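> The structure follows.
The values are calculated or read from the model by the stated rules, or taken from the named source; none is laboratory data. Note that the coordinates shown come from a computational prediction; the quantities given were computed from them, not determined experimentally. Using ideal geometry, Cβ is built from the backbone for each residue, glycine included, and neighbour counts are taken over all protein chains shown. We work out accessible area using only protein heavy atoms, side chains counted, and drop any ligands, DNA or RNA first. Shrake-Rupley method; radii C 1.70, N 1.55, O 1.52, S 1.80 Å.
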Amino acid sequence: MTITGEVGAWNARGDAAAAVVARGLTKVYGQGDAAVHALRGVDISFATGAFTAIMGPSGSGKSTLMHCLAGLDTVSGGQVHIGDVELTGLNDKQLTLLRRERIGFIFQAFNLLPTLTAEQNIRLPLEIAGRQADRDLFDRVVETVGLRDRLGHKPAELSGGQQQRVAVARALISKPQVIFADEPTGNLDSRSGAEVLSFLRTSVHELGQTIVMVTHDPVAASYADRVVFLRDGLLVSELVRPTPQSVLDTLMKLEA
Amino acid sequence: MLKTTLAGLRAHKLRLLLTSLAIALGVGFIAGTFVLTDTIDAGFTQKFSAAADRIDAAVTPAPGERSREEPLVPAAVLEKVRAVGGVADAQGLVQGTSALMGKDGKVAGDYPTAGVSIVEGSLNRTLITSGSAPKTPAEAVLDENTARIRGFAVGETITVLDSEEVKHEFTLVGLFDVGLNQELGFTGAVGFTTGMAQSMTGEKAFREIDVAAAEGVTQEAVRDSIAAALGPDYQVKTGKDYADALARQNGADTQMITMGLLMFGLVAMFVAALVIYNTFNILVAQRTREMALLRCIGATRGQVFGSIVLESVVVGLLSSVLGLLLGYGLGAGALAVLTSVGAPLPSATAALAPRTIVLGLLIGLVVTVGAALLPARSATRVAPIAALRTQVEEHTFRAGLIRVVFASLFLVAGVGATVAALGMEPGQAALIVVMVGGSLVFLGVLTLGPVIVKPLGAFVGWLPARLFKVPGRLAVDNSRRNPKRSATTTVALTVGVTLMTLIAVLTGTMRATYTQKLDDQFPVDYMVQPQARDSGLPRALAEDLRSRPELTGVAAFRQTMAKVGKGEDEYEVGTFVAPADFRPELVTGSIDVLRPGTAVVADYVVKGLGLKVGDRVAVRTAKAGAVELTVVSTFDPEVADLAGVTVPEEDFERYFGAVGDSRVLVNARDGVSPERAREVVEAAAQPYPTAKVASSTEVRGEFDEALDMMLMIITGLLGLAVLISLLGIANTLSLSVHERTRESALLRALGLTRPQLRWMLSVEALILGLIGALVGVVLGVTFGWAAAQTMTEEVAFRLPVPQILAFVVLSGLAGVLAAVLPARRAARASIVGSLASG
Ligand SMILES: Nc1ncnc2c1ncn2[C@@H]1O[C@H](COP(=O)(O)OP(=O)(O)OP(=O)(O)O)[C@@H](O)[C@H]1O
Ligand SMILES: [Mg+2]
């Protein structure tokens, strides 16, 4: 079984209920001699209700791919679909509304507005969209991430792990079609990291959430259902039901 | 270290420019003031020294004459001077009044034109701009301005009244330039040959005698010989000294203007200093990490301090130079505008004196570096460890004890001073105490700023937060998150708004007070007065008005100057003829107490002569010799507008004979239209060329115009301070936007649209602007009220609500305007790029 064969199989299966699909995605920064080809034609799809990790060496294009998929950045070529919406060709306003309605984010750091309390931060996406929070969902999310007694605190009064849990809650509260997380545990120690990752996995399995996560950490990647590997802007490999060891092995192979 | 600083400055050109602009505007205003007044001064000096070339000596009465009248040189002295050895020619200058008649057969203008002599020969200093000087007594010249306004051209015949108000006709042979004589510039002037000028004006004596020395005689020599011949009663100056003295006198005038304008310049510089202080504070806060890093790699505290000070020196120098250029442009522009509206200014090219350059550079540099010192000091407190912290901590602000103590001291002292001033006699001293109190309270508010800005932010933000949903609420939070920064930003605006409101309240109150007084004193529709205030109108005019059926309530007032009391003091003694319902208010009793042999006397006469009711007072009359009058009551001239010593009509006639009416008040009868009534009054006045008709609305209008003008000029000048504070708001916002780059990106990622992000920043600016304006309005109204109380008794306080509302709305809008650029920048930034940034 070759690596490429496996990728093709997943894509075929994923298309049926895909939350996000990219076709022939390319991204070039700069022009002429200075041009950097960050993505060189990526075909990938992310199944609804799945937890997918993106891995690869530094500079391989992980963040770029995520930004392009989430409509945060424009693509140079190819197509991106979120559900039934084609992203390429949307203007800034449409992209913004799409993010508001369908996408959740968790960043590595600086996830929260310092002027708002934890609760206000969690509700922020709903407020921006002018929607009412579903009371039950709010309670469940807050319960899941274990923040009940911290809701009135400002971010400066929370630990790094707690801040990231608030960010996870915020991403979950609007029930987005997909959550993109760029190294959400990059700044956390292993225990807090493990906590945040279990919340992400719980939300996938219990709430049916779709999550795409970029990470450098094989242990973090092992929480996912599937890991895809990037190198030099190309999708080169993937693993289903990964373990830390199998992820590490694949990475070693890629770097060799 | 030097390199790091300069590289940093180059990297932030826009910020550098905005910061510099604040100082540059202040320096520019100050430099512009100097350029303007220096140029005017230089022009004066130039003109006067040109005059000095023509005359070798000038004779004027010795200063310190006792008489109230302008001292003059009698004609006999001219003969004496002409007889002095070494004098080639001597000419006396005559100046008096001789009213020019307009083409409508009435005297022209509100004030009678002056009559002056145009000297013949080499001593002539009058500049004839077209035609020629009058050579015969039948010829006359007019000043250019009057000729233009009244529509007279060379070759026409003009009619001029002599001092007895007899008409004389002259051929207009030329036009002349009044030059720097402000008096002539104001009234306009007719020029005659010397002899005709004397007979037209009735002035037999001279203002001064100009002397030309004979060939080979120096100015000093001729001065000394004339001085020896005339004795100590006259002052003799060489032509050069005389010109210098004139130039100095005018210099004193321009110095007043300079001082006045510099006050506004100082306010502007104060606001600019606040802006600079805030900017550097924010810069230091933002660069905490950078500076900590520098400290980590071995930079000393001194080096960190030095780098901030160096930055401020560069900013200061740059803005001073920019300011000087701006000032030169402003000065030259103001000069051009003044000349084009016909101000009597000598023409000269704008000059940037070395003094202006040095002062401009110095002020700009000192203010900038001074304002940056505190921020620079706080930069040295950054610990190297701060470099290792990931997120810059939010500035939590707690009102320190020292701050509260100082603020309370300022407030208590300021309020105390103001309350004390309110208890004082109205006058300048009380006004000054109020101003000091106001300044202290302002300092208190400045100190307390960070404490009050949070609740104020919530207060003014209440509506925007509800109106603009998420962006609004975030904006309110943002405006309150750094109270110190917000406070300094808004206080800069408060300065301008406070002063503007204060002036608006003062002028509004003055207007109301004046209107009230006018209604009390001038409860009539029309007033007829002679053009020259000290002359009279024939009594027949009042008779004619009384006979007109359209008019009613004709009251005629007569008065003349006479010696009253034992001393030499002269007061106006007068009477009135009025219908029975004319009842001026007296301190005791009614006007009926005025019987033959008695007088009612104004407060100031009572005070001046030490009189009381019941006393007898001596009046030296023209016809009846010295008479003794009994004082039967007194009055306040602000309440009853009567002559200082008012006597019954029959007495007055006996004492002084036929004196013309100095004022006739007329009402329109009910049901007669104002137009018709006016026509009737005008028709009655037509046969009397010097009679000027004014309506109460006109008088009010004139005063209103003058007030509006003043309000406009002062508000315009204060506008500079407001402009600078807006630069401050723009600067603070753009720095805050820079600081919150990642926050904005996060919001955008979460679904905030570009317009919403722009709104968020605009609303933040709106809130800052409104806070500044509100505090300013409260302070301005309070101290405007207090200041008004110190100006006169019985003030009719008026709150100019529309103006104040306009200030508030404009401040808010201006704040929004200031946010346009930073908001665009924030909205344009790419999300991905911003998320990645440090
Ligand atoms: N704004 C940009 N301009 C130019 N080149 C860029 C830009 N952003 C990314 N790149 C380049 O694109 C390539 C992919 O970058 P990307 O940030 O996606 O890598 P990554 O896989 O996320 O790396 P890391 O693991 O270090 O975060 C890199 O070579 C990077 O230098
Ligand atoms: Mg990355």
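> Counting protein heavy atoms only and a 1.4 angstrom probe, how many square angstrom of accessible surface do chains A and B bury in total, to the nearest 100?
Details: alone 11830 and 39280 Å², together 48840 Å².
Between A and B, the summed buried area is about 2300 Å².
> If I fit a long axis through the Cα atoms of helix B:801-818 and take the longest principal axis of the Cα atoms of chain B, what angle between them do I get, 0 to 90°, rounded to 10?
Tilt relative to chain B: about 40 degrees.
> Something else: For B:V415 and B:L266, compute 0.36 nm times the residue count separating them, minus their Cα-Cα distance, and round to one decimal in nm. List each step's numbers first, then the result.
Working: separation 149, 0.36 × 149 = 53.64 nm, distance 2.43 nm.
Contour length minus the Cα-Cα distance gives 51.2 nm.
> As an exercise, identify the GluC sites (Glu not before Pro) in the range B:762-826 lying in DSSP coil whose Cβ has no more than 13 other Cβ atoms within 10 Å.
Values: sites: B:E764, B:E793, B:E794; in loops: B:E793, B:E794.
Answer by residue number: B:E793, B:E794.
> Short version: which residues of the range A:61-75 lose at least 10 Å² of accessible area, all chains versus chain alone, 1.4 Å probe?
In the range A:61-75, residues shielded by partner chains: A:H67, A:L72, A:D73.
> Angle, helix A:160-173 long axis vs. longest principal axis of chain A, Cα atoms, 0 to 90°, nearest 10?
Around 80 degrees separate the two axes.
> Given the Cα-Cα distance of B:K454 and B:V809 and 0.36 nm per residue of separation, how much length would full extension add, in nm?
Details: separation 355, 0.36 × 355 = 127.80 nm, distance 2.05 nm.
Working it through step by step, the gained length comes to 125.7 nm.
> Also, I was wondering about something else. Can you give me the angle between helix B:301-340 and the longest principal axis of chain B, using Cα atoms only, in degrees from 0 to 90, rounded to the nearest 10?
In chain B, helix B:301-340 runs at an angle near 30 degrees to the longest axis.
> Excluding same-chain pairs closer than 8 in sequence, count the lysine pairs in the range B:58-237 whose Cα atoms lie under 20 Å apart.
Values: B:K80/B:K204; B:K80/B:K237; B:K103/B:K167; B:K106/B:K167; B:K135/B:K204; B:K167/B:K204.
For the range B:58-237, the number of qualifying lysine pairs is 6.
> With θ set to phi - 60° and the Karplus curve 6.51 cos²θ - 1.76 cosθ + 1.60, what are the ³J(HN,Hα) couplings of the range A:124-139 in order, to the nearest whole Hz, using x for Gly and Pro?
Karplus-based 3J(HN,Hα) across the range A:124-139 equals 3, x, 5, 5, 4, 7, x, 9, 8, 6, 6, 3, 4, 4, 4, 4 Hz.
> With a 1.4 Å probe and every protein chain left in place, work out the accessible area per residue of the protein assembly as shown in Å², rounded to a whole number.
Result: 45 Å² per residue.
> So what's the gap between the Cα centers of the range A:178-255 and the range B:187-215, to the nearest angstrom?
Taking the Cα centre of each part, the range A:178-255 and the range B:187-215 sit 107 Å apart.
> Still on this structure, please answer the following. Hey, how many Å between the Cα centroid of the range B:579-658 and the Cα centroid of the range A:45-80?
102 Å
> Looking only at Cα atoms, what is the convex hull volume of chain B per residue, in Å³? Can you show the working numbers first?
Numbers: hull volume 185.6 nm³, N = 838.
Hull volume over Cα atoms, normalised by residue count, gives 222 Å³.
> Apply the Karplus parameterisation 6.51 cos²θ - 1.76 cosθ + 1.60, with θ equal to phi minus 60°, to every residue of the range B:84-92 and state each ³J(HN,Hα) to the nearest whole Hz, in sequence, with x for glycine and proline.
5, x, x, 8, 7, 8, 9, 9, x
> Between B:S132 and B:R654, what is the FRET efficiency for a Förster distance of 56 Å, r being their Cβ-Cβ separation, to the nearest 0.05?
Values: r = 53 Å, r/R0 = 0.94.
After rounding to 0.05, the efficiency reads 0.60.
> In peptide A:118-128, what is the residue-averaged number of other protein chain Cβ atoms found within 10 Å of each Cβ? All intermediate terms of the calculation are to be shown ahead of the outcome.
Values: counts 0, 0, 3, 1, 0, 0, 7, 6, 2, 6, 10.
Going residue by residue through A:118-128 and averaging, the value is 3.
> Evaluate E = 1/(1 + (r/R0)^6) for B:F703 and B:E425, where r is the Cβ-Cβ distance and R0 equals 25 Å; express this FRET efficiency to the nearest 0.05. Provide the component values of the computation, followed by the final result.
Working: r = 25 Å, r/R0 = 1.00.
Once the sixth-power term is evaluated, E becomes 0.50.
> Now for a separate question. So which residues of the range B:712-749 lose at least 10 Å² of accessible area, probe 1.4 Å, when you go from the chain by itself to every protein chain present?
Residues meeting the cut-off: B:R742, B:E743, B:L746, B:L747, B:R748, B:A749.
> Which residue, A:H81, A:H67, A:H153, tops the fluctuation ranking in a GNM of chain A built on C-alpha contacts under 10 Å?
A:H153
> Can you compute the helix-only [θ] at 222 nm over chain B? Use -39500 (n - 2.57) per DSSP H run of at least 4 residues, normalise by all residues, nearest 500 deg cm²/dmol.
Details: 25 runs with 491 residues, N = 838.
Taken over chain B, the calculation gives -20000 deg cm²/dmol.
> Can you tell me the FRET efficiency between B:R533 and B:V358 if r is taken as the Cβ-Cβ distance and R0 is 56 Å, rounded to the nearest 0.05? Intermediate values should be presented prior to the final figure.
Numbers: r = 48 Å, r/R0 = 0.86.
Here the calculated transfer efficiency is 0.70.
> So, one more: Around B:D661, which amide H atoms from residues at least 5 apart in sequence, or from another chain, sit under 5 Å from its own amide H, with H modelled in the peptide plane?
For B:D661, the qualifying residues are B:L537, B:R539.
> Something else now. From the P(r) of chain A, can you give the percent of Cα pairs sitting at distances over 34 Å?
15 percent
> When the accessible area of the protein assembly as shown is split by element with a 1.4 Å probe, what percent falls to carbon and sulfur? Present the calculation step by step, with values, prior to reporting the outcome.
Working: 28710 of 48840 Å².
Carbon plus sulfur share of accessible area: 59 percent.
> Skipping prolines and chain starts, which residues have an amide H placed within reach, meaning under 5 Å, of the one on B:D89, given they are 5 or more residues away or on another chain?
B:A212
> State the extension gain, in nm to one decimal, for the chain segment bounded by B:K623 and B:E183, taking 0.36 nm per residue of separation less the distance between their alpha-carbons.
Working: separation 440, 0.36 × 440 = 158.40 nm, distance 3.52 nm.
Computed gain between B:K623 and B:E183 is 154.9 nm.
> If you average the C-alpha positions of the range B:500-517 and of the range B:687-743 separately, how far apart do those two centres end up, in angstrom?
Taking the Cα centre of each part, the range B:500-517 and the range B:687-743 sit 15 Å apart.
> Which cross-chain or sequence-distant (5 or more) residues have an amide H under 5 Å from the amide H of A:S76, H modelled 1.01 Å from N in plane?
For A:S76, the qualifying residues are A:T26, A:K27, A:V28.
> Could you run the Karplus curve 6.51 cos²θ - 1.76 cosθ + 1.60 with θ = phi - 60° over the range B:771-780 and give me ³J(HN,Hα) per residue in whole Hz, x for Gly and Pro?
Coupling constants for the range B:771-780: 4, x, 5, 4, 4, x, 5, 4, 4, x Hz.
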